[in-house]
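The values are calculated or read from the model by the stated rules, or taken from the named source; none is laboratory data. Since this is a predicted model, take the numbers as computed values, not measurements. Backbone-built Cβ (ideal geometry, glycine too); neighbour counts: all protein chains shown. Areas reflect the complete protein model, heavy atoms only, side chains present, ligands, DNA and RNA absent. Shrake-Rupley method; radii C 1.70, N 1.55, O 1.52, S 1.80 Å.
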Protein chains: 2
Amino acid sequence: MDSIPPQLPVRSKVTVTAIPGDGIGPEVMRATQQVLAAADAQVEWEEALAGAEAFRRGIASGAPRETLDSIARTGVALKGPLETPVGHGEKSANVALRKTFEMYGNVRPVRELPGIRTPFSGRGIDFVVVRENVEDVYAGIEHMQTPGVAQCLKIITEVGCERILRLAAAVAEAEGRRKVTVATKANIMKLTEGMLKRVGEQVLAEYPSLSNEHMIVDNCAHQMVIRPEQFDVAVMTNMNGDILSDLAAGLVGGLGVAPSANLGDGVAMFEAVHGSAPQIAGKGIANPTALLLSALMMLRHVGDFATARRIEHALYVTLEEGRDLTGDIAREAEGVPTQQFVDRVIANLGRESALVPAREYRPIALKRWPQITWYRAASTRELVGVDVFVESERDPRAISITLQAAAEGSAFDLAMIGSRGAQVWPEVAGHTFLVDHFRARFMFREPPKGNGIAEITDLLQRIGRQHNWMHIEKLQRFDGADAYSKA
Amino acid sequence: MDSIPPQLPVRSKVTVTAIPGDGIGPEVMRATQQVLAAADAQVEWEEALAGAEAFRRGIASGAPRETLDSIARTGVALKGPLETPVGHGEKSANVALRKTFEMYGNVRPVRELPGIRTPFSGRGIDFVVVRENVEDVYAGIEHMQTPGVAQCLKIITEVGCERILRLAAAVAEAEGRRKVTVATKANIMKLTEGMLKRVGEQVLAEYPSLSNEHMIVDNCAHQMVIRPEQFDVAVMTNMNGDILSDLAAGLVGGLGVAPSANLGDGVAMFEAVHGSAPQIAGKGIANPTALLLSALMMLRHVGDFATARRIEHALYVTLEEGRDLTGDIAREAEGVPTQQFVDRVIANLGRESALVPAREYRPIALKRWPQITWYRAASTRELVGVDVFVESERDPRAISITLQAAAEGSAFDLAMIGSRGAQVWPEVAGHTFLVDHFRARFMFREPPKGNGIAEITDLLQRIGRQHNWMHIEKLQRFDGADAYSKA
Ligand SMILES: NC(=O)c1ccc[n+]([C@@H]2O[C@H](COP(=O)([O-])OP(=O)(O)OC[C@H]3O[C@@H](n4cnc5c(N)ncnc54)[C@H](OP(=O)(O)O)[C@@H]3O)[C@@H](O)[C@H]2O)c1
Ligand SMILES: NC(=O)c1ccc[n+]([C@@H]2O[C@H](COP(=O)([O-])OP(=O)(O)OC[C@H]3O[C@@H](n4cnc5c(N)ncnc54)[C@H](OP(=O)(O)O)[C@@H]3O)[C@@H](O)[C@H]2O)c1
């Protein structure tokens, strides 16, 4: 402490968990830390292990206890790429970290960088994709329905939608942005994708400084390529966001220069989007730009806006001048080693670029969610029927006869048989190619007296005598509305 | 017949169902028919109604019986855009047509057009996206699991994968292409998306003239923006294909100039990708290029390669010279009426463009599928347990206690409780945000004697005394392998 001149305010250091990771990870991490140190960022690093070495030590998640403890303690991590092991189970250490800390929001800035030539250079692309990070088909809940029919559950929750929408709004407010585009496939999936649209209309109305719009997600992909300048903040469910954020990164130079943040309740993890690039690992030629840009997001997250701004300008000046760039982004010249690029950025600290977008950053104000099970009540509930999924090589008419016979004497009537979303009984015009997986919809003849389970299990036993069923869904009504799709 | 000079071969006319559709549909249809007539295409049109007017007449599907009959008779349709009605039920007439005729393949050529300036002009983009058209989340089978948790089923079948892969290969062969890229999210969804990858490896091996590769779908979106020249034929499941085909159209000028084909067993429907553009309908200024390009696909489909080639050259010359273009693609000049553009194309018939890619077209050789229910047998089957989805506002530990108590005396042990794909009991490190929807995995203590239904219904009754369950999945093993995901 003695060495600090008294006129300087004593800034307290922020401790950050640094996970160098695999492949080029340690190289780009070292490079990033050098730049931050040279800019006098008040960061103290707590180095932690994750990825290939952890798997080698037999840690199934790829992230040792001490690493999780470090992140839990610091609440902030900067992470290099982690290899997803082949033949070590199916989970990647990245997913493990994301799930462990419920980092539900993935924030991906998409901004034109000086000196990075793309077909869109000069158009001033500058938006942020906010992607839900834990729900949707990504849960990976799969069941083979028959030996040839696979099913994955796409699960979307109202609270999950609200969380990601509030995060998108908070990102917009933190960066002084004006518009939030909610991109969904609500026209096809009214209950799941429609939920993000509907909750979006409600939640975003609470932010009077932001305009908002809805866009069908396929059109959104098209618009991103046709007129990317129109976007400011775009928010999406997990799988759609996965595709569109990678598309968007491509517009401004690709994954090699794309930063990201994973945000959760009280935990934030910053990382480059690219992987461990094993082909160039250890050669000292990797481009640290993506991780450095991620570190700038981190500095802003911990409130050190001045240092982030200083480094950002130095980086922009470096890219703009085009000297001493790594091979992947070098223009005419040969690429230089990572260290030479780092030295150049450090030498440029203090210089100002005219190209850094004027943007007043504020901290992202994340809502804290209570640590209890989230529960949505319904004022009324009715059980009206059950969908029973059966395996059969017969045709719909034959199946309808046996199912009707099975339902005779039960509490149900057979109402419909569907095949992959198309009604096949009662017959409708046209020819539907049939696979051995049918959904039979049974409706209660009259409302059940009790919880209806005796009636359902009776039906399942009756059906089971003739057909192999593998999947049941109750048909319910909540608050007076059907809680299931028609077809 | 007398008027035909004897030296000309008498070509038999092909009957095609023409559905003008809504908004600008009739205008672009008339324009297209004029060009085909001027080029002496041997097509006889059978005009048919679908869309807004059909809905107004109270036809719920938007496609009258006569229209379906016409398509069934001709096997070939050229279709203008159909408005999806608001407040007339939830189905679009387009989806109805696609499902009625089981048009399982959507073929979308993505090719740079002369005179259509894009950021990618001059790079020679020329590939085809083949999208599965009837399966996946598009079936729209949705069930609210609780009042705040929505679920959609993503269903992928082995035969559906084989069909679309063989179609992709047939398209590649018909156009003399070399490579098929199978883009999936198999790394996350091993059973559903993984099925397309796995079947792709098997099926595409049967086409020695084609190379094939697998690409993760988010990377594929990225690659399409970064280096679109690398693609030749790309094949995808429905939802991913929806997004990536619209992205791809954006690379070469957008939906306004994007043609498409919907292919099924013995039925083909060709249409522009764009909609009815109500803002410009009736003004006589719509661009017919997309529908005309679709009509060229149709001509090739019916074997009239020479006429298709002739019109294609006239169109390319017109676009190249840049005179008399409609407003949406006119460069410096003002846009001209549709008719003036059509007259110019017709005037250019017989001229040759140097820019039309040299491509030997052959008819697409589509496999015919038997009209019986497709069935996949398994040599061995075991029933090993059941996933029961329950609604609860309690925490996992409390739920585990009541579920274990419920299972006492049953044939099952409680093995795991998951929440949106993450294990929450037995407890693992970390903090998973909990919603009121849990999956409880019960495993048979010993293999059931019979079909196991008595044991399952017994368990459901026990659980039902304490918990509201809404969804059941049997856990099976087929051919000795687990037919369900672990977490
Ligand atoms: N978040 C993460 O931790 C994460 C993300 C993605 C992938 N991964 C993992 O990384 C491993 C490799 O994945 P991958 O090969 O698919 O993708 P990748 O590591 O991103 O590498 C692809 C190519 O991109 C270039 N590249 C990427 N980052 C670069 C940088 N900073 N500087 C210079 N060039 C760079 C290299 O191209 P050239 O070869 O042309 O030089 C590299 O070969 C896998 O184990 C994967 O699971 C981890
Ligand atoms: N396959 C189909 O049948 C199909 C496909 C998509 C949409 N639709 C239906 O069409 C209706 C309108 O949909 P939408 O407004 O989303 O999309 P859209 O009809 O494609 O129109 C969007 C805009 O694209 C431009 N445009 C499209 N086609 C054009 C052409 N041939 N010539 C000149 N400009 C063209 C117009 O832009 P400017 O206004 O800038 O001139 C138009 O306003 C809806 O009812 C929708 O359900 C049908």
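Here is how the numbers come out for the structure above:
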quantity: Amide H contacts under 5 Å for B:Leu366, placed H, 5+ residues apart; calculated: none
quantity: Shape category assigned to the range B:104-253 from the gyration tensor of Cα positions, a/c cut at 1.5; calculated: oblate
quantity: Debye intensity ratio I(q)/I(0), log10, chain B, q values 0.10, 0.14 Å⁻¹ (C-alpha model); calculated: -0.85, -1.33
quantity: Probe 1.4 Å, accessible area per residue of chain B, Å²; calculated: 37
quantity: Mean separation of Cα contacts under 8 Å (6+ apart) over length of chain A, as relative contact order %; calculated: 15
quantity: Overall form of the protein assembly as shown per C-alpha gyration tensor (a/c, 1.5; a/b vs b/c); calculated: oblate
quantity: Formal net charge of residues neighbouring B:Ala411 (Cβ-Cβ distance under 12 Å; K, R +1; D, E -1); calculated: -2
quantity: Surface share of carbon and sulfur [accessible, 1.4 angstrom probe, percent] for chain A; calculated: 50
quantity: Cα gyration tensor shape for the range A:175-298, rounded if a/c is under 1.5, else prolate or oblate; calculated: prolate
quantity: Solvent-accessible area of B:Met298 with every protein chain in place, 1.4 Å probe, in Å² to the nearest 10; calculated: 0
quantity: For the range B:381-482, radius of gyration divided by Kirkwood radius, i.e. Rg to Rh on alpha-carbons; calculated: 0.97
quantity: The range A:310-357-the range B:298-348 distance, computed between alpha-carbon centres (Å); calculated: 48
quantity: Accessible area that becomes buried as B packs against A, both chains, 1.4 Å probe, Å², nearest 100; calculated: 10100
quantity: Segment B:Glu44-B:Asp69, extension gain: residue separation times 0.36 nm, minus the distance between their alpha carbons; calculated: 7.4 nm
quantity: Paramagnetic reach from B:Glu393 (point 7 Å along Cα→Cβ, amide N under 16 Å) across the range B:424-444; calculated: B:434-438
quantity: Inter-part distance where the range B:364-410 and the range B:144-197 are each reduced to a Cα centre, Å; calculated: 21
quantity: Relative contact order (percent, whole number), the range B:381-482, Cα cutoff 8 Å, 6+ residue spacing; calculated: 48
quantity: Other copies of B:Gln466: label-to-label distances in nm, shortest first, labels 7 Å along the beta-carbon direction; calculated: 3.6
quantity: Amide H contacts under 5 Å for A:Ile329, placed H, 5+ residues apart; calculated: none
quantity: Rough spin-label spacing in nm, given labels placed 7 Å along Cα→Cβ, for B:Glu201 and B:Arg117; calculated: 4.8
quantity: Where labels lie 7 Å past Cα in the beta-carbon direction, separation of B:Arg57 and A:Arg227 in nm; calculated: 3.7
quantity: Other copies of A:Glu173: label-to-label distances in nm, shortest first, labels 7 Å along the beta-carbon direction; calculated: 6.0
quantity: Greater than 30 Å apart at Cα, pairs in A:Lys190/B:Lys79; B:Lys179/B:Lys486; A:Lys190/B:Lys179; A:Lys13/A:Lys99; A:Lys367/B:Lys154; calculated: B:Lys179/B:Lys486; A:Lys190/B:Lys179; A:Lys367/B:Lys154
